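Engineer: The structure's right below; bear with me while I get my questions together.
The values are calculated or read from the model by the stated rules, or taken from the named source; none is laboratory data. Keep in mind that what you see is a predicted model, and the values were worked out from it rather than measured. Every residue, glycine as well, gets a Cβ built from its backbone with ideal geometry; the counts of neighbours run over all protein chains shown.
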Amino acid sequence: MSTTQKVFSEKIKAKTRELGLLDCGISRAERLEEEKPRLERWLNQEMHGEMGYMARNKDMRLDPRLIVEGAQSVISVLLNYFPKEQQHDSEAPVLSKYAYGKDYHFVLKDKLNALLKFIQDELAPCNGRPFVDSAPVLDKAWAAKAGLGWVGKHTNLISVEHGSFFFIGELIVDLELEPDTRVVRDYCGSCTRCIDACPTQAIVAPRVVDARRCISYQTIEQKGELDESLQGQFNDRVFGCDICQDVCPWNLKSEAHQEPDFEPHPQLMKLTLKEWQEMDHPLFNELFRKSAVKRTKFEGLKRNLRFIERASSPGESQSPEE
């Protein structure tokens, strides 16, 4: 590897820090051979549910050179979203922490586009594309390959330094850079806190999540009505779920983000149970105008609210043990 490629890699990492990113790692753009059997087994067991896009473009998902012509390097970045405050009303429906502020797809993609422009203007001419959950890219696999962490038993990437409350994005470029050689070993050990804590038993084996049972999938991806067999098991989660991350000991390392775009609407954190239940369309639009919650739409959020309200109503449902 030439001195120039090493210098380029160092300057790229320095720029990511300037952009407010948590960490950065670089990998060679090559086929992810180890991921293929795991992906195929998961798809064959239909654990992706209605997420049909997961079964499409499998070859692209495994080889970034099929997405970006001439790709030579995958730059993986992390962006912290751990919030400064939690929802005030302990009885209110629970919103996933990642959805408090502006939709991360836009925030992180803007930073990756700024990084690409920096590379093109300051380092070398190149072509590249940013990716934030928007194309067939296995972000956790690439981040692990770049030495940013390991994939925990809950299937989220865990960083030794930062825990797991962060977004992952990639910039795939046709520029040869010095790849990171750090390999982070699996520090989960014998811990099963995430598996034990999942109220719907969606983590069916270490590093295997049946999306159909996952609260995040049900409240965001699921079309139509929610799975009645999971009634009473959502623990008041109305959009997304953080339970498996909340119980992870590595998240004792989490520190509040410094990203202005992730600051919640002033009214959001103060919403009471009654205000959630009585939310109308105008209030929904006001609170979630730029939020990821818009994905489920007003009707979807009301559906989720009805589902957890029924679980808390006497005589409406029973726990699986009853």
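Engineer: If Asp133 satisfies all but one of (1) at negative phi; (2) surrounded by fewer than 18 Cβ atoms within 10 Å (Cβ to Cβ); (3) at pLDDT below 95, what's the number of the condition it fails?
Structural biologist: (1)
Engineer: I've got another one for you. Provide a single number: the residues in the stretch 199-212 that are within 20 Å of Leu95 (Cβ to Cβ) and assigned to a helix (DSSP H, G or I).
Structural biologist: 1
Engineer: Still on this structure, please answer the following. Is it true that some residue in the stretch 88-105 is more than 20 Å from Leu301 (Cβ to Cβ) and in contact with a Lys or Arg (Cβ under 9 Å, 6 or more places away or on another chain)?
Structural biologist: no
Engineer: Which one is modelled with the lowest pLDDT among residues in the stretch 213-227 that are assigned to a helix (DSSP H, G or I) and in contact with a helix residue (DSSP H, G or I) (Cβ under 9 Å, 6 or more places away or on another chain)?
Structural biologist: Glu221
Engineer: Same structure again: Name the single residue, out of those in the stretch 222-277 being of a type in the set (A, V, I, L, M) and touching a Lys or Arg at 6+ places or on another chain (Cβ under 6 Å), that is nearest to Leu21 (Cα to Cα).
Structural biologist: Ranking the candidates gives Ala256 first.
Engineer: Filter the stretch 235-279 down to the residues that are acidic (Asp, Glu) and either in contact with a helix residue (DSSP H, G or I) (Cβ under 9 Å, 6 or more places away or on another chain) or closer than 13 Å to Pro83 by Cβ (or both) and list them by number. I'd like the intermediate steps shown before the answer.
Structural biologist: Narrowing the stretch 235-279 to residues acidic (Asp, Glu): 236, 242, 246, 255, 259, 261, 263, 275, 278.
Matches in the stretch 235-279: Asp236, Asp242, Asp246, Glu255, Glu259, Asp261, Glu263, Glu275.
The rows are residues; the columns are (1) without any contact (Cβ under 8 Å) to a residue 12 or more places away in the chain; (2) surrounded by fewer than 21 Cβ atoms within 10 Å (Cβ to Cβ); (3) under 26 Å from Ala256 (Cα atoms).
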{"position": "Val160", "(1), (2), (3)": "no, yes, yes"}
{"position": "Phe166", "(1), (2), (3)": "no, no, yes"}
{"position": "Val183", "(1), (2), (3)": "no, yes, no"}
{"position": "Arg193", "(1), (2), (3)": "no, yes, yes"}
{"position": "Thr200", "(1), (2), (3)": "no, no, no"}
{"position": "Pro206", "(1), (2), (3)": "no, yes, no"}
{"position": "Glu221", "(1), (2), (3)": "no, yes, no"}
{"position": "Glu228", "(1), (2), (3)": "yes, yes, no"}
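Engineer: So the check is Cβ under 7 Å with 6+ separation or different chains; which pairs have a first residue in the stretch 6-25 that's hydroxyl-bearing (Ser, Thr, Tyr) and a second one that's crowded, with 18+ Cβ neighbours inside 10 Å?
Structural biologist: Ser9/Ile26; Ser9/Leu177; Ser9/Glu178; Thr16/Cys24; Thr16/Val77; Thr16/Leu115
Engineer: From the residues in the stretch 40-68 that are out of contact with any helix residue (DSSP H, G or I) (no Cβ under 7 Å at 6 or more places or on another chain) and over 22 Å from Tyr217 (Cβ atoms), which one is surrounded by the most Cβ atoms within 10 Å (Cβ to Cβ)?
Structural biologist: The extreme case among them is Pro64.
Engineer: In addition: Can you find a residue in the stretch 101-113 that is farther than 24 Å from Leu268 by Cβ, touching a strand residue (DSSP E or B) at 6+ places or on another chain (Cβ under 8 Å) and surrounded by fewer than 20 Cβ atoms within 10 Å (Cβ to Cβ)?
Structural biologist: Within the stretch 101-113 (the criterion being farther than 24 Å from Leu268 by Cβ, touching a strand residue (DSSP E or B) at 6+ places or on another chain (Cβ under 8 Å) and surrounded by fewer than 20 Cβ atoms within 10 Å (Cβ to Cβ)), the answer is yes, since at least one residue qualifies.
Engineer: Pro179 - would you say it is part of a loop (DSSP other than H, G, I, E, B) and at pLDDT 95 or above?
Structural biologist: Taking the combined requirement at face value, the residue satisfies it.
Engineer: Something else now. Go through the residues of the stretch 157-165 one by one and say whether even a single one is farther than 21 Å from Lys58 by Cα, assigned to a loop (DSSP other than H, G, I, E, B) and modelled with pLDDT under 95.
Structural biologist: Within the stretch 157-165 (the criterion being farther than 21 Å from Lys58 by Cα, assigned to a loop (DSSP other than H, G, I, E, B) and modelled with pLDDT under 95), the answer is no, since none of the residues qualifies.
Engineer: Could you please find all residues in the stretch 230-264 being surrounded by 15 or more Cβ atoms within 10 Å (Cβ to Cβ), hydrophobic (A, V, I, L, M, F, W, C) and part of a helix (DSSP H, G or I)?
Structural biologist: Matches in the stretch 230-264: Leu230, Ile243, Cys244, Trp250, Phe262.
Engineer: Can I ask one more? Of Ile75, Ile12, Ile67, Ile26, which residue is among the aliphatic types (A, V, I, L, M), closer than 20 Å to Lys145 by Cα, out of contact with any Lys or Arg (no Cβ under 6 Å at 6 or more places or on another chain) and at pLDDT below 95? Before you say what the answer is, go through the steps one by one.
Structural biologist: Numbers: Ile75 fails: at pLDDT below 95; Ile12 fails: at pLDDT below 95; Ile26 fails: at pLDDT below 95.
Ile67 is the lone residue from the list that is among the aliphatic types (A, V, I, L, M), closer than 20 Å to Lys145 by Cα, out of contact with any Lys or Arg (no Cβ under 6 Å at 6 or more places or on another chain) and at pLDDT below 95.
Engineer: Leu22 fails exactly one of the following numbered conditions: (1) surrounded by 13 or more Cβ atoms within 10 Å (Cβ to Cβ); (2) farther than 21 Å from Ala114 by Cβ; (3) out of contact with any helix residue (DSSP H, G or I) (no Cβ under 8 Å at 6 or more places or on another chain); (4) not β-branched (Val, Ile, Thr). What is the number of that condition?
Structural biologist: (2) is the only condition that Leu22 fails.
Engineer: Go through the residues of the stretch 125-135 one by one and say whether even a single one is under 30 Å from Leu305 (Cα atoms), among the aromatic types (Phe, Trp, Tyr), in contact (Cβ under 8 Å) with a residue 24 or more places away in the chain and not in a helix (DSSP H, G or I).
Structural biologist: Within the stretch 125-135, not a single residue is under 30 Å from Leu305 (Cα atoms), among the aromatic types (Phe, Trp, Tyr), in contact (Cβ under 8 Å) with a residue 24 or more places away in the chain and not in a helix (DSSP H, G or I).
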